[in-house]
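Reading through the structure tokens given below for one structure.
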Amino acid sequence: MPDEPCQCPDCQRFYREHDRLIREFPTLRHQQELNWAALQAFRTLSGRVIEDLQRHQGSKTSDSESTPVTPTASQPGVEDQVDLIQQAIADLENINAHLFSIEALMERVFDVKVPESVEQKFRELAGELAPDPLNADRLRLNRLLHQTPDLPDRG
């Protein structure tokens, strides 16, 4: 297990987003609400995509019943495309089922209430875990690091 965090673009984007969410939502209550909203947004969007794909597939099915479509040289893989869409719908339905289970668990997370002194501890530690990237000390440190020629990610 490496001591250094991964430097790939995906991981870096994750670290930035992770830190931003801690900075912008530094209390237990904020994190509860953020997670609930994200879960609901995920369910809403994936549910709407499922409905749209099913409606689109249904209209293709009714069209093909009235005028049968057979794959030709100009339409290679029509059946493969239909299979891919049907598999995607099944996968999204599974995701929604899992999200529904997570929602049931999240309701238990909302049962937890902490005193203001604990919320203050959340705020304090949030500042340590994800310091403000525009903080003067952080900016100065970043400038110093970027001037160091022996850093491995310097290109």
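The values are calculated or read from the model by the stated rules, or taken from the named source; none is laboratory data. Computed from a predicted model, the values in this text were never measured in an experiment. In this analysis, Cβ positions are derived from the backbone assuming ideal geometry, glycine residues included, and neighbour counts consider all displayed protein chains.
Quick notes on this structure:
- Every pair of residues 6+ apart whose Cβ atoms lie under 6 Å, when the first sits in the range 90-119 and is surrounded by 12 or more Cβ atoms within 10 Å (Cβ to Cβ) while the second is outside any helix (DSSP H, G or I): Glu119/Thr27
- If you check Asn142, Asn94 for being modelled with pLDDT of 95 or more and either assigned to a helix (DSSP H, G or I) or more than 30 Å from Pro5 (Cβ to Cβ) (or both), only one passes: Asn94.
- Of all residues making up the range 1-21, the number that are exposed (fewer than 11 other Cβ atoms within 10 Å of the Cβ), part of a helix (DSSP H, G or I) and over 13 Å from the mean Cα position of the chain (by Cα): 1
- Against the numbered list (1) modelled with pLDDT of 85 or more; (2) more than 30 Å from Gln32 (Cβ to Cβ), Pro71 comes up short only at (1).
- In the set (1) under 27 Å from His98 (Cα atoms); (2) loosely packed, with under 12 Cβ neighbours inside 10 Å; (3) modelled with pLDDT of 90 or more, the condition left unmet by Glu24 is number (1).
- Within the range 36-68, restricting attention to residues that are over 30 Å from Leu105 (Cβ atoms) and surrounded by 13 or more Cβ atoms within 10 Å (Cβ to Cβ), the residue that is modelled with the lowest pLDDT is Ser64.
- For Leu134: the one exception among (1) surrounded by 10 or more Cβ atoms within 10 Å (Cβ to Cβ); (2) of a type outside the set (D, E, K, R); (3) modelled with pLDDT under 90: (1)
- Subset tally (residues that are acidic (Asp, Glu) and touching a residue at least 12 places away in the same chain (Cβ under 8 Å)) for the range 120-132: 1
- Every condition in (1) under 28 Å from the mean Cα position of the chain (by Cα); (2) at pLDDT 85 or above holds for Ser117 except the one numbered (1).
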